[in-house]
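Below is one structure; the comments refer to it alone.
Since every read-out is calculated from the coordinates, none of them should be taken as a lab result. What you see is a predicted model, and the numbers here were worked out from it, not measured in a lab. Methodologically, a virtual Cβ is constructed for each residue, glycine included, from the backbone with ideal geometry; neighbour enumeration extends over all protein chains shown.
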Amino acid sequence: MRSYALTKASTVGPIADIVAASGGSITKVFQKAELPLTLLEQPQRLILLRDQFHLLETAARTIGDHSLAVRLSTEAGIPGLGAYGAHLITLPTLGDAILESSRSLASLLQGATTIALAVEGRWARWTYCVTKNLGLGQQKNEMLAIGYMLALLRHFAGPRWTPDRVEVAGRFDGRREIEQVVACDAISGERAGVVFPARLLELTNPRPPKEREPDYPPVPAETELTEVVRHVLLLQLDHGEAGIDSVARRLGLSRRTLQRRLSEQGVSFEALAQRTVRDRARNLLTETGTPITDIAYELGYADPAHFTRAFRRWTGETPQQWRRRLAQ
């Protein structure tokens, strides 16, 4: 069954940085991955998990770097995980943080993924697994996870700490380059993960945050199709292709199947698209100084007059009146 799991776009910026530093074309990489460059400015946006896989694979192939994914996450560190990473470093011990990484993964970062901790004698094995076959780039995503796992371990154990070994699911290329990045042996295993002394689980947090942790908006489950479609619509708006055919194509569905599945959840595509565009228009008018003409074209309108009529129908005000009233 096809997965509609979402993930935060927080890794998109670091991918672009590595591509640029290697002399590659960011624009070409994003075009091949069929993702808009606007994601670089919106790391908390949600995208399909398999779109992130595709971007990782495309970037790695473009610059010829098998270690790109693990290098990216080790360099980005915990900040690269956004709200999820910020939450994990509030925990009192490493063991607590690892257990919480499993509990909060789906709500704060991404779906269709499991994280597990197993302790056998002196050794602990912390593993990461995407539960559905999302195709191209899945192994790169697992390598990305290994780098982030190392970042959390080093938050507690110190920046120069190294594990006994890392394990990559299945056969993989670039072993030597990957071992240089992780500073330990890299071997094939059943699941991607990190093996380290179990006694480290008792390490206390050396730098607990002093401020109260904010409330983070949850990542919708992949079963919440209306929310998934809403986020895909926002992505397609940035592409300038927000019609039902383009949305269905990104989801891997036929137009008729998408309509039927939305109907089963009590909503039509047309109503959902209109609500998404309306909310996006309000956000742009409220949070940015983008000219109204540019907003109209960004939202897919043929001209500003059509946008103004639609906005008045939604709110009873023109875009100019809405923005002026909020500014008072």
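Below is a table of values for the structure above.
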quantity: Near-label residues of the range 299-316 by backbone N, under 20 Å of a point 7 Å along Cα→Cβ of GLU41; calculated: 299-301, 304
quantity: Distance between the range 252-269 and the range 1-61 - C-alpha centres, whole angstrom; calculated: 27 Å
quantity: ARG199 versus ARG324: modelled label distance in nm, points set 7 Å from Cα along the beta carbon direction; calculated: 7.3 nm
quantity: Straight-distance crosslink candidates among lysines, where the alpha carbon sits under 30 Å from LYS140 and sequence neighbours closer than 8 are dropped; calculated: LYS8, LYS28, LYS32, LYS132
quantity: Hull shadow area, averaged, the chain [alpha-carbon convex hull, nm²]; calculated: 18.8 nm²
quantity: Positive minus negative residues near GLU241 (Lys, Arg vs Asp, Glu; Cβ under 13 Å); calculated: -2
quantity: Helix 12-21 axis, angle to the chain major axis (alpha carbon atoms, nearest 10°); calculated: 70 degrees
quantity: Which of LEU40, THR162, GLY77, positive extreme of dipole for the range 6-202 (C-beta unit charges); calculated: LEU40
quantity: Net charge contributed by nearby residues that have their C-beta within less than 15 Å of LYS132 (K/R +1, D/E -1); calculated: 0
quantity: Antiparallel DSSP beta bridges within the chain, as percent of all bridges there, nearest 5; calculated: 80 percent
quantity: Crossing angle, helix 49-63 versus the chain [Cα axis fit, 0-90 degrees, rounded to tens]; calculated: 70 degrees
